[in-house]
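In what follows, a structure is listed as structure tokens, so that the remarks can point back to it.
Any read-out appearing in this document is the output of simple, stated calculations on the displayed coordinates, not a laboratory observation. Keep in mind that this is a model prediction, so the values were computed, not measured. Here the Cβ is made from the backbone with ideal geometry for all residues, glycine too, and neighbour counts use every protein chain on show.
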Amino acid sequence: TEPTSDWRDIPKVELHLHLEGAAPPAFIRGLAAEKGMDLSAIFRPDGGYRYEGFEHFLQVYEAACQVLTGPEEFRRLTLAVLEESASQGVVYTEAFLSPEFCGGGDVGAWREYLAAIQDAAMQAERDFGITLRGCATIIRHLGPDKGRDTARCAVETAGDFLTGFGLAGAEMMGRPGDYAWSFDAAREAGLRLTAHAGEWGGPDMVADTIRDLKVERIGHGINAIRDLALVDDIAEKGIVLEVCPGSNVFLGAVPSWKDHPLPKLMARGVKCTVSTDDPPFFHTTMSNEYDMLEQVFDFGESEFRHLAETGLAGAFCDEATRERVR
Ligand code: ADE
Ligand code: ZN
């Protein structure tokens, strides 16, 4: 008999997407051409981004951001990214936004960038049926002082659209506690908290992030698997992991898809979700992630329903939004 539904029809929820990192290379190339900027060094002959390893990835990412010179560029970027996500069956997504790339940490400038991003989000909701919430994010390798600028921007604009606060960038720079002031300020402003940890760092980095930043979600978190007592603690606390398997394999954080700890983390009771991180940089999409999970781990309808429900439960949005999306 014909299946009445296919897991491919299950609406997808994505909690870990860097807005600039989701920029299609053709979009960045087009803006560079409009502005007469030469970005040929960051593109391969086939048009994709050119880089080698994580540190270089961060440099190429920042080079691509140079064409995003004002709110209008971010409005166009947001629309392009959400159109693509919606075409992957994503109905709800959260994006890491960087006040550093949106006005250099100045609150007044950031307000204008954020208004443009939110305007595009409302248009995408009408036109493509996808809901976006923003997560203002510290870039760790710029240091704690810049982090405080990001926190001040976030605190001033916390609300229905900007609901989250995060930490990304080079994980091995400094310790999570260096950002405690910023996370405390964001929490007091009502923002929900997440931080990248355990993508490159070990279980100690994950444990310090939970203790010092009091996050309710962790970006990646996969290296927690090296300490099962920590895994059990994460499960017991109900902390949600934003797992990005394709990103981890592409950047070499795990050796291959079959070695990815996602199924082990889920089996041990950790709330896991699946996202793309920076899809064009890692040659992935949400559909590709789901396809790989089916091929490599035999995930099917029940696993994908579980992932979507865990994603919605862990989403940094209000109950009315959750119900509308569900
Ligand atoms: N910024 C964009 N993608 C990132 C990743 N995977 N890890 C840390 N910082 C990032
Ligand atoms: Zn990330």
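For the reader, a short list of remarks on this structure follows.
- Pairs of Lys residues in the chain, spaced 8 or more positions apart or belonging to different chains, with C-alpha separations under 17 angstrom: 4 in total.
- Comparing 36, 238, 311 in a Gaussian network model of the chain where C-alpha atoms under 10 Å apart are linked, the largest mean-square fluctuation is found at 36.
- Estimated FRET transfer efficiency when R0 is 41 angstrom, pair residue 148-residue 320 (beta carbons, to 0.05): 0.80
- Gyration tensor verdict on the range 32-128 (Cα atoms; rounded if a/c is under 1.5, prolate if a/b is larger than b/c, oblate otherwise): oblate
- Hz values of 3J(HN,Hα) by residue in the range 50-63 - Karplus curve (6.51, -1.76, 1.60), Gly and Pro given as x: 10, 6, 10, x, 5, 4, 5, 3, 4, 5, 5, 4, 5, 5
- Computed from backbone phi with θ = phi - 60° and the Karplus coefficients 6.51, -1.76 and 1.60, the 3J(HN,Hα) list for the range 218-224 is 10, x, 6, x, 5, 6, 4 Hz; x is used for glycine and proline.
- Beta bridge orientation in the chain: antiparallel %, DSSP, nearest 5: 5
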